[in-house]
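Visitor: Dropping the structure in here first, questions after.
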Amino acid sequence: MDLSISSPFRGAFPAPTSTFILNPKSRCSHSLNFFKHQNSYSKNPFFSRQKIPIRAQVSDPAVDDGFVIDDVPHLTDFLPDLPSYPNPLQNSQAYAIVKQTFVRPEDVVAQKIVVQKDSSRGVHFRRAGPREKVYFKSEEVRACIVTCGGLCPGINTVIREIVCGLNYMYGVDDILGIQGGYRGFYSKNTSTLTPKVVNDIHKRGGTFLLTSRGGHDTQKIVDNIQDRGINQVYIIGGDGTQRGASRIYEEVEKRGLKVAVAGIPKTIDNDIAVIDKSFGFDTAVEEAQRAINAAHVEVESVENGIGIVKLMGRYSGFIAMFATLASRDVDCCLIPESPFYLEGKGGLFEFIEERLKENGHIVIVAAEGAGQEYLAQSMQGIDEKDASGNRLLLDVGLWLTQNIKDHFTKERKMAINMKYIDPTYMIRAIPSNASDNIYCTLLAQSAVHGAMAGYTGFTVGPVNSRHAYIPIFFFPYLTSINPPKLKIIERY
Ligand SMILES: Nc1ncnc2c1ncn2[C@@H]1O[C@H](COP(=O)(O)OP(=O)(O)O)[C@@H](O)[C@H]1O
Ligand SMILES: O=P(O)(O)OC[C@H]1O[C@](O)(COP(=O)(O)O)[C@@H](O)[C@@H]1O
Ligand SMILES: [Mg+2]
């Protein structure tokens, strides 16, 4: 069954647009607008530096209704004489339905679904799914899959479904696994991937192919792609990975190689604009509930219990915020997008004291990126980076714990019971849940259909619940490039 076109998910993924920091009385003191999807990446300095793809930003000057397609490149843009073939899906009994439902070349997905009567039609992306024509014969395809960056529930499902999609839908049986991230292209042997080899991997967390940070060397990677005769490259990873994928696509184009480069966006942090959400995010939020619940049980069983739970979120508070909203046991949620302070009127210490007096306990959830400016002040000189160049964060959980303890025991002379829970890696090192599994399957199948149809330099993802192809060099990760602007719109 081709889920990406049978579309059982219409309207199923609501776009998150706001978050709350809870207060003791109304449990809803600050309402903060994220403007996740309104964040205009065309104004983003990262994207304005990027090359505009040949067919991007196509609008019809004859009808000036502001209709724009942010199109993805196609192999024929630089290899105009490439032959095409009928899509083998139409010969398969199992996929017979697809024949009537091939995605039409003119199908696009609107980025904005809320519009005004006279507003321009805005940006659109090419709709994902199988095309009538493909640009690869099945027996000619030599595909490879690589996973880079941090873990996320569902990576194995994506790997599995790329392999199964290529094999079952398109009859491809030459698929290589690149081991250990980008550096695996030039420093490790490949493994052979078949539906049998990947059959059970979706039941495990982590990545079957191993991952790494750093090690991106465009020339060496493309040399290797060329040497091995690879002509479809599937790259699963986050913002760094997709920037690397973009470099690979550019080099492939420069060398005039018939190689389709497809990115599948991955991040536990969910800090990607345009697409509805990132895979594994729901699973992580669900797992975070267990930590929050434990903190709540602990602190409501003692006097003056203060529970702190630290969750992932380097530059964004999506996991912390969603886990908070889902749990209803959290009194205060600290996220990187919203500055806070400890002392004085309106500060965290005052809030904790109020809550202890009123309710005897408090649960605080902190995203790991929250309050980093404060921590940096108190721990001067620490500015380490990981192998990919991402800044290593200081531990906000330990910092909060220590400061709260000092404040209440030394200054306020109050006995408190502090319980600090750090489930950081536990929420991402697990297999994906049912809905993430289905989502991962759609992503993988969309990527396979796109590459077979000759698109390249693209990523996939649901835009307003319809899967679309998005140019890789436009790919708008929210926060590492341009932190979203938060606006406090109400305070009760
Ligand atoms: N600007 C870039 N250009 C090329 N490769 C990059 C770039 N940024 C990161 N990478 C590579 O992408 C891979 C993953 O990046 P990283 O930031 O660790 O994770 P993520 O992709 O999850 O954000 C690493 O191998 C890194 O070398
Ligand atoms: O310790 P690691 O493996 O480098 O990962 C930690 C980081 O990974 C993240 O989950 C984000 O990872 P990505 O950049 O891979 O999306 C952050 O929340 C966290 O700071
Ligand atoms: Mg990243």
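Visitor: Kirkwood hydrodynamic radius (Cα pairs, Å) of the stretch 323-409?
Guide: 14.3
Visitor: Right, another one. Which FRET efficiency, nearest 0.05, do D406 and R290 yield, Cβ-Cβ r, R0 25 Å?
Guide: 0.30
Visitor: Run through the DSSP bridge list for the stretch 281-429 and note the antiparallel percent, rounded to the nearest 5.
Guide: Of all bridge pairs located within the stretch 281-429, approximately 5 percent are antiparallel.
Visitor: Could you report the stretch 320-372's accessible area per residue, 1.4 Å probe, as an integer in Å²?
Guide: About 33 Å² of surface per residue is accessible.
Visitor: Moving on. Pop a pseudo-label 7 angstrom from the Cα along the beta-carbon direction at both R104 and K413 and give the gap in nm to one decimal.
Guide: Placing both labels 7 Å along Cα→Cβ, they lie 7.9 nm apart.
Visitor: If the stretch 116-236 were replaced by its equivalent ellipsoid, with semi-axes equal to the square roots of 5 times the Cα gyration tensor eigenvalues, what would those be, largest first, whole Å?
Guide: 27, 19, 18
Visitor: For labels at K203 and E303 in the simple 7 Å Cα→Cβ model, what's the distance in nm?
Guide: 5.1
Visitor: Next up: Apply the a/c threshold of 1.5 to the C-alpha gyration tensor of the stretch 281-429 and tell me whether it is rounded, prolate or oblate.
Guide: Verdict is oblate for the stretch 281-429.
Visitor: Which residue, chosen from N437, A453, H407, occupies the Cα position most advanced towards the positive end of the dipole of the stretch 399-479, where the dipole is computed from +1 (Lys, Arg) and -1 (Asp, Glu) charges on Cβ about the Cα centre?
Guide: The residue sitting most towards the positive pole is H407.
Visitor: Quick one, can you get me the convex hull of the C-alpha atoms of the stretch 289-350 expressed as volume per residue in Å³?
Guide: Per-residue hull volume (Cα only) is 87 Å³.
Visitor: Okay, next question. May I ask which of K357/K419; K277/K345; K203/K385; K203/K266; K137/K254 have a Cα-Cα span longer than 26 Å here?
Guide: Those over the limit are K277/K345; K203/K385.
Visitor: Arranged from highest to lowest average of other beta-carbon atoms within 10 Å per residue, in what order do the peptides 352-359, 280-287 appear?
Guide: Peptide ranking by packing, descending: 280-287, 352-359.
Visitor: What's the local net charge at E343, with K and R +1, D and E -1, over the other residues with C-beta under 14 Å away?
Guide: -1
Visitor: Follow-up. Order these peptides, 219-232, 252-265, 106-119, by their mean beta-carbon neighbour count within 10 angstrom, highest first.
Guide: Going from most to least packed, we get 252-265, 219-232, 106-119.
Visitor: Could you work out the relative contact order of the stretch 281-429? I mean the mean sequence separation of Cα pairs under 8 Å and 6+ apart, divided by the number of residues, in percent.
Guide: Taking the mean separation of contacting Cα pairs over the length of the stretch 281-429, I get 34 percent.
Visitor: A further question follows. Rounded to the nearest 0.05, what FRET efficiency is calculated for R255 and E140 with R0 set to 22 Å and r the Cβ-Cβ distance?
Guide: 0.75
Visitor: Still on this model: Give me the distance in nm between label points sitting 7 Å out from Cα along the Cα-to-Cβ direction at R328 and E354, one decimal.
Guide: The two pseudo-label positions are separated by 2.3 nm.
Visitor: For the stretch 75-92, in order, what is each residue's ³J(HN,Hα) by Karplus, 6.51 cos²θ - 1.76 cosθ + 1.60 with θ = phi - 60°, in whole Hz (x at glycine and Pro)?
Guide: Values, residue by residue: 4, 6, 4, 10, 10, x, 9, 4, x, 10, 9, x, 5, x, 4, 6, 8, 8 Hz.
The values are calculated or read from the model by the stated rules, or taken from the named source; none is laboratory data. Because the structure is a prediction, the values reported are computed rather than measured. Glycine also receives a Cβ, built like all others from the backbone with ideal geometry; neighbour counts cover every protein chain displayed. Please note that ligands, DNA and RNA were not included when accessible areas were found on the heavy atoms of the full protein model with its side chains. Shrake-Rupley method; radii C 1.70, N 1.55, O 1.52, S 1.80 Å.
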